[in-house]
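Asker: Following this message is one structure expressed as structure tokens.
The values are calculated or read from the model by the stated rules, or taken from the named source; none is laboratory data. Remember, it's a predicted structure, so these values are computed and weren't measured experimentally. With ideal geometry, Cβ positions are generated from the backbone for all residues, glycine too; neighbour counts draw on all protein chains shown. With ligands, DNA and RNA removed, areas are computed over all heavy atoms of the protein, side chains included. Shrake-Rupley method; radii C 1.70, N 1.55, O 1.52, S 1.80 Å.
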Amino acid sequence: MLKDFTKLETFLTVVREKSFSKASAKLGISQPAVTQQIKYLEDYLDTKIVERKKNGIRLTKEGEEVYKIALKLERCILNAEKELFKIINKEITFIIGASFTIGNYVLPEVLNNLKEAINNDVFIKVEVSEKIVDEVLDKKCDIGLIESPIMKEGLIYREWMDDELVLFSNTPLPKYVRKEDLYRFNWICREEGSHTRKLVSEVFESMGVECKSFNVISEVSSSTAVVQTILRSPVNKENPTVSIISKYAIANEVENGKLYEARIKGIKIKRKFYIVYTKERKHDPFIEKVVDFLLKLKK
């Protein structure tokens, strides 16, 4: 007898993701564990239900029937869960921990829509990525939205939005700057230990650019401080004051003509944002609603 819905849920996820590896990432379990659960179902039913192909998976005739039954069970469970929440009527605030760029520039644009989607109050706590991960583990945040996949046991990491770091200034810049131009700029940098600084340093190192030779006039501790410092810097066409930041952090100022962005010729500085939450809450309806909402925002 199947004593829980876990193995059928794994089966449904494999079918929806069309891949054992993608199902593994979504469920936060290893790929061998996914394989083992599907095998358990096949042994229990004494029939083959999933065939693995080079380009994904294919359901057998019996697998198609199991899929229909699993969908019915899933709908029943979801409906029962909704009824339970009506009875419990929890008064809670959903807490999202977000790194500086996400918390200050990405989430404010969608916060009201998120509140409506989950029919709940939402509080955003802004911190560095590493602290957010720790607070998710300590249950001080329901989910985290981070700029760096700081891997720790007990957590599920989902790739979220694409981000690009761009060069910017309050002085007009060419669309593309050469790497030798970087040495004549005045620089505002993030503090040591910042994920953004680490990423930029690695890119510059790969280009053969010596950051130690830059004219660094200030180091600041957040993306907001970077933007405000550049905005208040003297306009200098010969030696512009510049920094590198997420395109999201300066989108409004660029659109309004207060700041100017540029790319470094031949280089794109890209990264991923991640959603992170604990494995023990992967079936939590609030978590699922928030994650589903956020994944629809992918750009």
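Asker: In the range 9-23, what residues are assigned to a helix (DSSP H, G or I), touching a residue at least 24 places away in the same chain (Cβ under 8 Å) and either under 11 Å from residue 58 (Cα atoms) or not acidic (Asp, Glu) (or both)? Break it down into steps so the answer makes sense when it comes.
Answerer: Taking the range 9-23 and keeping what is assigned to a helix (DSSP H, G or I), we get 9-17, 20-23.
With the extra rule that they be touching a residue at least 24 places away in the same chain (Cβ under 8 Å), the set shrinks to 9-12, 14-15, 20.
Correct list: 10, 11, 12, 14, 15, 20.
Asker: Further question: Being surrounded by fewer than 19 Cβ atoms within 10 Å (Cβ to Cβ), in contact with a helix residue (DSSP H, G or I) (Cβ under 9 Å, 6 or more places away or on another chain) and within 18 Å of residue 105 (Cα to Cα) is true for just one of 205, 164, 191, 210. Which residue is that?
Answerer: The match here is 164.
Asker: Separate question: Filter the range 285-299 for residues that are open to solvent by less than 80 Å² (accessible area, probe 1.4 Å) and in contact with an Asp or Glu (Cβ under 8 Å, 6 or more places away or on another chain); which is nearest to residue 80 (Cα to Cα)?
Answerer: 285
Asker: Is it the case that some residue within the range 151-159 is in a strand (DSSP E or B), open to solvent by 20 Å² or more (accessible area, probe 1.4 Å) and among the aromatic types (Phe, Trp, Tyr)? Before the answer, list the steps.
Answerer: Our first condition is that a residue be in a strand (DSSP E or B); within the range 151-159, this holds for 155-159.
Still in the list and also open to solvent by 20 Å² or more (accessible area, probe 1.4 Å): 157-159.
When the remaining residues are screened for being among the aromatic types (Phe, Trp, Tyr), the result is 157.
Yes, there is a match, as at least one residue in the range 151-159 is in a strand (DSSP E or B), open to solvent by 20 Å² or more (accessible area, probe 1.4 Å) and among the aromatic types (Phe, Trp, Tyr).
Asker: Among the residues in the range 230-251, are any within 22 Å of residue 130 (Cα to Cα), surrounded by 13 or more Cβ atoms within 10 Å (Cβ to Cβ), at pLDDT 90 or above and of a type in the set (Ser, Thr, Tyr)?
Answerer: Yes, because at least one residue in the range 230-251 is within 22 Å of residue 130 (Cα to Cα), surrounded by 13 or more Cβ atoms within 10 Å (Cβ to Cβ), at pLDDT 90 or above and of a type in the set (Ser, Thr, Tyr).
Asker: Next up: Any residue in the range 264-276 that is surrounded by 15 or more Cβ atoms within 10 Å (Cβ to Cβ) and more than 23 Å from the chain's Cα centre (by Cα)?
Answerer: Checking the range 264-276: at least one residue is surrounded by 15 or more Cβ atoms within 10 Å (Cβ to Cβ) and more than 23 Å from the chain's Cα centre (by Cα).
Asker: Let me spell it out: the conditions are (1) out of contact with any Leu (no Cβ under 7 Å at 6 or more places or on another chain); (2) farther than 23 Å from residue 92 by Cβ; (3) assigned to a loop (DSSP other than H, G, I, E, B), and residue 139 meets all of them except one. Which number is the exception?
Answerer: Answer for residue 139: the failing condition is (2).
This table checks each residue for (1) touching a residue at least 24 places away in the same chain (Cβ under 8 Å); (2) in contact with a strand residue (DSSP E or B) (Cβ under 8 Å, 6 or more places away or on another chain); (3) not aromatic (Phe, Trp, Tyr).
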| site | (1), (2), (3) |
| --- | --- |
| 77 | yes, no, yes |
| 97 | yes, yes, yes |
| 115 | no, yes, yes |
| 118 | yes, yes, yes |
| 125 | yes, yes, yes |
| 130 | no, no, yes |
| 159 | yes, yes, yes |
| 163 | yes, yes, yes |
| 195 | yes, no, yes |
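Asker: Of the residues that sit in the range 1-29 and are over 15 Å from residue 158 (Cα atoms) and among the β-branched types (Val, Ile, Thr), which one is modelled with the lowest pLDDT? Give the derivation first.
Answerer: Here is the first cut: in the range 1-29, the ones over 15 Å from residue 158 (Cα atoms) are 1-12, 14-16, 18-20.
Filter once more, so that each one left must be among the β-branched types (Val, Ile, Thr): 6, 10, 14-15.
Details: 6: 84, 10: 90, 14: 91, 15: 91.
Filtering first and then ranking leaves 6.
Asker: If you check 49, 57, 29, which single one turns out to be hydrophobic (A, V, I, L, M, F, W, C), closer than 28 Å to residue 160 by Cα and touching a helix residue (DSSP H, G or I) at 6+ places or on another chain (Cβ under 7 Å)?
Answerer: Numbers: 49 fails: closer than 28 Å to residue 160 by Cα; 29 fails: touching a helix residue (DSSP H, G or I) at 6+ places or on another chain (Cβ under 7 Å).
The unique qualifying residue is 57.
Asker: Now for a separate question. Cβ-Cβ distance below 9 Å, separation of 6 or more or different chains: which pairs start in the range 216-237 with a residue that is part of a helix (DSSP H, G or I) and end on one that is surrounded by 13 or more Cβ atoms within 10 Å (Cβ to Cβ) and basic (Lys, Arg)?
Answerer: If the second residue must be surrounded by 13 or more Cβ atoms within 10 Å (Cβ to Cβ) and basic (Lys, Arg), the pairs left are 223/190; 225/190; 226/190; 231/258.
Asker: If you scan the range 167-176, which residues turn out to be in a strand (DSSP E or B) and either basic (Lys, Arg) or surrounded by fewer than 20 Cβ atoms within 10 Å (Cβ to Cβ) (or both)?
Answerer: If the condition is that a residue be in a strand (DSSP E or B) and either basic (Lys, Arg) or surrounded by fewer than 20 Cβ atoms within 10 Å (Cβ to Cβ) (or both), then 176 is the only one that fits.
Asker: Yes or no: residue 223 touching a Phe, Trp or Tyr at 6+ places or on another chain (Cβ under 9 Å), modelled with pLDDT of 95 or more and either within 18 Å of residue 246 (Cα to Cα) or not hydrophobic (A, V, I, L, M, F, W, C) (or both)?
Answerer: no
Asker: Quick one: in the range 42-56, which of the residues that are surrounded by 15 or more Cβ atoms within 10 Å (Cβ to Cβ) and modelled with pLDDT of 90 or more is nearest to residue 14 (Cα to Cα)?
Answerer: 50
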